[in-house]
Amino acid sequence: MSYSGGEHFNKLAKSRGYRSRAAFKLHQINNKFNLLKKGCSVMDLGSSPGGWSQVAKELVGNSGTVFALDIIPMKPINGVEFIEFDFRDKDIKKFINLDFNVVISDIAPNISGITITDKENMLELLNNVVDFCNSSLMKGGSLIAKCFDNSKNDLKKSLLNHFSNVTFYKPDASRKTSKEIYVIAQNKLK
Ligand SMILES: C[S@@+](CC[C@H](N)C(=O)[O-])C[C@H]1O[C@@H](n2cnc3c(N)ncnc32)[C@H](O)[C@@H]1O
């Protein structure tokens, strides 16, 4: 299968019933790292329109659990529990009293076009994702999160305070011209 060109993935997503081409990014990340497995509990932060949630549900199967969360609505997906909420809100614990095996986040900050500002905003967003992991990801659990190529060094340094293994991966389904890359943080320390 050729992975070049965004149009290819848009068509493929449509033909396979995925709500976003981003679905293939999660498939490709999981083909490499195998973190979403049958029976896992997964939290999808920033889930709408739902491509990643669809893939997560396929991968964890009926014995697994997928929660999805977004500030905008998401059409229901069989077997996925959706909450319309800002993941940074500390009240989230009132709705979810479960610790997850894997947290996935495909959220990016609004892009200003000013490199330093975008980098800072991304790092701040990821700090919030790490706060979420500290309260809701189980010991030994993993995080898959979108980040920018130019935030890799700062991010790795800060994530190694919380996880034993931090690496980066750009799936073929991610546009070559885009600054996005994914951080894979494994084995949460406590
Ligand atoms: C790139 S989209 C996710 C696409 C999704 N992974 C898919 O495959 O369909 C990012 C989403 O993050 C959501 N988002 C941004 N900030 C958020 C926040 N603070 N809390 C929850 N969701 C947020 C946006 O509303 C948007 O729907």
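Just so you know, all these numbers are worked out from the coordinates, no wet-lab data involved. Quick caveat, the model's predicted, so the values are computed rather than measured. Heads up, the Cβs are rebuilt from the backbone with ideal geometry, glycines too, and the neighbour counts pull from every protein chain shown.
Of note:
- Residue list for region 138-170, restricted to those being out of contact with any Leu (no Cβ under 8 Å at 6 or more places or on another chain), within 18 Å of Asn34 (Cα to Cα) and not aromatic (Phe, Trp, Tyr): Met138, Gly140, Gly141, Lys146, Asn165, Thr167, Lys170
- Once region 17-30 is narrowed to residues that are within 11 Å of the ligand (Cβ to nearest atom) and aliphatic (A, V, I, L, M), the residue that is surrounded by the most Cβ atoms within 10 Å (Cβ to Cβ) is Leu26.
- Any hit, region 170-185, residues being part of a helix (DSSP H, G or I), over 15 Å from the mean Cα position of the chain (by Cα) and basic (Lys, Arg): no
- Output for region 59-115, where each listed residue is free of Cβ contacts under 8 Å to residues at least 60 places away in the same chain, among the acidic types (Asp, Glu) and in a loop (DSSP other than H, G, I, E, B): Asp86, Asp89, Asp99
- Among residues of region 94-127, those that are within 15 Å of the ligand (Cβ to nearest atom) and either aromatic (Phe, Trp, Tyr) or surrounded by fewer than 16 Cβ atoms within 10 Å (Cβ to Cβ) (or both), counted: 5
- Residue, nearest to Cys133 (Cα to Cα), within region 31-56, restricted to residues that are away from the ligand (no atom under 13 Å from the Cβ) and assigned to a helix (DSSP H, G or I): Phe33
- Residues of region 1-16 that turn out to be within 13 Å of the ligand (Cβ to nearest atom) and part of a loop (DSSP other than H, G, I, E, B), as a count: 0
- Residues of region 137-150 classified as touching a strand residue (DSSP E or B) at 6+ places or on another chain (Cβ under 9 Å) and surrounded by fewer than 21 Cβ atoms within 10 Å (Cβ to Cβ), total: 4
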